[in-house]
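What follows is a short report on a single structure.
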Amino acid sequence: MYSATVVRLREASLGYTFPVKNSFFHSIKASLIGRNLIYFYKKAPFDPELSMSTGNGLSGVDVFNQPATRYMGLSLNLTF
């Protein structure tokens, strides 16, 4: 039995809005987005948010799943 205590930076976003004048667009917003970037504290040897099944027989069973994927991306928002 493991403790499922996890403290992590689940999602972070950093963006900037560029004002645009005399154009079809009113503004353009660009953002950097990241998910599952840092584990500050992880007691369990696995990610407790990933599970093999949600059924009664296998809920909470550790089957050594792959870790949660780290995701980094760019978001572009155009305002008309």
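The values are calculated or read from the model by the stated rules, or taken from the named source; none is laboratory data. Keep in mind that what you see is a predicted model, and the values were worked out from it rather than measured. Because the Cβ atoms are built from the backbone with ideal geometry, glycine has one as well, and the counts that use them run over all protein chains shown.
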request  = Give the residues of the range 1-51 that are among the small types (Gly, Ala, Ser) and within 23 Å of residue 73 (Cβ to Cβ), sorted by residue number.
outcome  = 12, 13, 15, 27, 30, 31, 34
Yes/no for residue 52 being at pLDDT below 75 and surrounded by 11 or more Cβ atoms within 10 Å (Cβ to Cβ) = yes
query = If you go through the range 1-16, how many residues are surrounded by 11 or more Cβ atoms within 10 Å (Cβ to Cβ) and more than 30 Å from residue 43 (Cα to Cα)?
reply = 1
request  = Check the range 17-37 and report whether any residue there is assigned to a loop (DSSP other than H, G, I, E, B), modelled with pLDDT of 85 or more, of a type in the set (A, V, I, L, M) and surrounded by 13 or more Cβ atoms within 10 Å (Cβ to Cβ).
outcome  = yes
